[in-house]
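Read the structure below first, then the notes.
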Amino acid sequence: MSNISRDDVANLAKLARIDLSEDELAGLAKELSVILDAVARVQEVAGEDVPPTSHPLPLVNVFREDVVRPSLTTEEALSGAPEQEEQRFKVPQILGEE
């Protein structure tokens, strides 16, 4: 079991420039000990023979042939637009950018 002391937490808080009360230091010492124990348990299981994963189930992309199909022309697509500019939809500015 990891044992993070109140002084360890106080030192970390000082390095991070975080002002913590005595109660917060004691509480965080307990919480950080629990977190370090959980990480140690994961490290025990994750050996060299266990590949790292980002998802518990295998993910597979579904690909299809890229086939040209009939679609709208630029003029047809823009025909219902309230405003257009340079063959594109013109939308109101929302972020105040130039």
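The values are calculated or read from the model by the stated rules, or taken from the named source; none is laboratory data. Please read all numbers here as calculations on a predicted model, not as lab measurements. All Cβ positions, glycine included, derive from the backbone under ideal geometry; neighbour counts span all protein chains shown.
Taking the conditions (1) assigned to a helix (DSSP H, G or I); (2) surrounded by 11 or more Cβ atoms within 10 Å (Cβ to Cβ); (3) of a type outside the set (Val, Ile, Thr); (4) over 25 Å from the mean Cα position of the chain (by Cα) in turn, Ala40 satisfies each one other than (4). Can you spot a residue in segment 48-68 that is within 30 Å of Ile4 (Cβ to Cβ), aliphatic (A, V, I, L, M) and at pLDDT below 90? Yes, that holds for at least one residue. Annotation: of all residues in segment 1-37 being outside any helix (DSSP H, G or I) and in contact (Cβ under 8 Å) with a residue 12 or more places away in the chain, the one that is surrounded by the most Cβ atoms within 10 Å (Cβ to Cβ) is Ile4. What about Glu48, is it loosely packed, with under 10 Cβ neighbours inside 10 Å, under 30 Å from Arg88 (Cβ atoms) and of a type in the set (Asp, Glu)? Here the answer is no, as Glu48 does not meet what is asked. Summed over segment 52-98, residues that are more than 30 Å from Val42 (Cβ to Cβ) and either part of a strand (DSSP E or B) or among the hydrophobic types (A, V, I, L, M, F, W, C) (or both) total 15.
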